[in-house]
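Participant: One structure, pasted below without further comment.
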Amino acid sequence: MDGGAATVRRRRSAVAVLPRPPGGHRRVTGVADRRLARYLVQMKGELRFEQITTRGGDGGDATLFDGERLVKSDPVFEALGDLDELTSWIGVVRSRYRDEWTGALRDLDTELRDAQTVASRISALVACAPSSKQYARLTPVDDAAVEELELREARALKTTQIAPVFIIPGDEPGSAEIDFARALCRRCERRLVNVIRSPGRPRPDLHAAQRYLNRLSDYLFVIARKREQQ
């Protein structure tokens, strides 16, 4: 990167964001504190990153959006890591195959992009305590999102044959990679259940998000079969 700086749009990062200097960019430094969450929710435009490596997590803990520090092995970070992996892998699928999605699959890139967006929203919700000011500013994942995904799955099923047998992925590269995303999604749901049922820190507010991930794994199963039959 030029001079160790990178300009990105709407970057979410576990570093503190300091106020914008007059006539300049917001500066992002390695100092982690509670101001992080406010800017993670509110920041717009361009951010100049003067430092990507902060060393703030070298001790084995990290900061959530609302400023809380937790050990990196906490169920919250397990869930966040798996959601990040799911979102990234769906991005791999989109980048590799979007040009091949025609006919019955023509809307697939948009639908997968929407799934990435919702997964990112789930991550933000997981990373904020419901009692925090930051949580109130986040976009919720509610029953409407679940119902929309169910409609998309139903539309895909109308033109897809599902054999009553166990599926062994690998007959076709695109469907195998979608099946891998499905497996990641199921793991994300299991991680989220751990967060929801965490002793002493339950998160019943995440039930709709858990249902969304459950439906997303079903949806990914269907479109993997559709890809095989394209």
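Participant: Out of Ser131, Ser120, which single residue is within 30 Å of Gly60 (Cα to Cα) and under 13 Å from the mean Cα position of the chain (by Cα)?
Facilitator: Details: Ser131 fails: under 13 Å from the mean Cα position of the chain (by Cα).
Answer to the selection: Ser120.
Participant: Among the residues of the stretch 145-173, count how many are without any contact (Cβ under 8 Å) to a residue 60 or more places away in the chain and under 18 Å from the mean Cα position of the chain (by Cα).
Facilitator: 1
Participant: Among the candidates Arg113, Arg38, which residue alone is within 15 Å of the chain's Cα centre (by Cα) and either modelled with pLDDT under 65 or of a type in the set (Lys, Arg) (or both)? It would help to see each step written out before you state the result.
Facilitator: Working: Arg38 fails: within 15 Å of the chain's Cα centre (by Cα).
The match here is Arg113.
Every residue, every condition in (1) hydrophobic (A, V, I, L, M, F, W, C); (2) assigned to a helix (DSSP H, G or I); (3) surrounded by 13 or more Cβ atoms within 10 Å (Cβ to Cβ), yes or no:
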site: Arg152; (1), (2), (3): no, yes, yes
site: Pro164; (1), (2), (3): no, no, no
site: Ile168; (1), (2), (3): yes, no, no
site: Ile178; (1), (2), (3): yes, yes, yes
site: Arg182; (1), (2), (3): no, yes, yes
site: Arg186; (1), (2), (3): no, yes, yes
site: Pro199; (1), (2), (3): no, no, no
site: Ser217; (1), (2), (3): no, yes, yes
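Participant: Being surrounded by fewer than 16 Cβ atoms within 10 Å (Cβ to Cβ) and within 27 Å of Arg225 (Cβ to Cβ) is true for just one of Arg106, Arg69. Which residue is that? Even if it seems obvious, please write down each step before you answer.
Facilitator: Details: Arg69 fails: within 27 Å of Arg225 (Cβ to Cβ).
Selected residue: Arg106, the only one of Arg106, Arg69 that is surrounded by fewer than 16 Cβ atoms within 10 Å (Cβ to Cβ) and within 27 Å of Arg225 (Cβ to Cβ).
The values are calculated or read from the model by the stated rules, or taken from the named source; none is laboratory data. Just so you know, these numbers come straight off a predicted model, no measurement behind them. No Cβ is skipped: glycine too gets one built from the backbone with ideal geometry, and neighbour counts run over all protein chains shown.
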